[in-house]
C-alpha cells in the first residue's frame, strides 16, 4: 500500500505535468507547478472552502520552506488569480529548477496534509477530480467515470 507521501508526490507530479501540457507552449516547470497548485486549490475550494484550502497551503508552505528558500519570494493569495504570485521573480532570483522544486515540495506537503486530515483515499479522490483530464477538460468537471 502506498504511503501518504509517495501518493502525494505522484499526484503532484501528475498535476504539474497536466498543467504543463494544457498551458501555452514553452511554459516552464515552475510556472506549470504554480498553475497546477492554483487549479487544485480552486477546485478543492468547493469541498473544503477557499479559506480551508488556503490554510492548508499556507501550512504546507511553512513545512516545505526550510528545504526550499525559493518559497520566500512567493506569495499565496486566496481567492485571486493567480493563486501563487512572484513566480517570475523567484525564477529570476533562484532559477527555474529551484523555484519549480520549491513549489512542487509545497504541493506535496499540501497533498500530504490533506491526506492526513481526511484520509488518503478521500484526498486522492478529491485531487483526482480537481485535475484537468488529458483531453484538457477543466478541473472539477464530471467527465470522469464513476470509479474515478
Against the conditions (1) modelled with pLDDT of 95 or more; (2) surrounded by fewer than 14 Cβ atoms within 10 Å (Cβ to Cβ), where does residue 24 fall short? Just the number, please. (1)
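Residue-wise test of (1) under 18 Å from residue 130 (Cα atoms); (2) under 13 Å from the mean Cα position of the chain (by Cα).
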position: 6; (1), (2): no, no
position: 18; (1), (2): yes, yes
position: 30; (1), (2): no, yes
position: 47; (1), (2): yes, no
position: 88; (1), (2): no, no
Just to be sure, is residue 39 loosely packed, with under 14 Cβ neighbours inside 10 Å and in a helix (DSSP H, G or I)? no
For residue 2, which of the numbered conditions (1) closer than 18 Å to residue 130 by Cα; (2) at pLDDT below 90 fails to hold? (1)
Looking only at residues in segment 126-138 that are more than 13 Å from residue 10 (Cα to Cα) and in a helix (DSSP H, G or I), which one is modelled with the highest pLDDT? 126
Can you list residue pairs whose Cβ atoms sit under 6 Å apart, with the first residue in segment 52-73 being outside any helix (DSSP H, G or I) and the second being surrounded by 18 or more Cβ atoms within 10 Å (Cβ to Cβ)? Count only pairs 6 or more apart in sequence or on different chains. 68/102; 68/105
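The values are calculated or read from the model by the stated rules, or taken from the named source; none is laboratory data. Note that this is a predicted model, so its numbers are computed, not measured. Glycine gets a Cβ as well: all are built from the backbone with ideal geometry, and neighbour counts include every protein chain shown.
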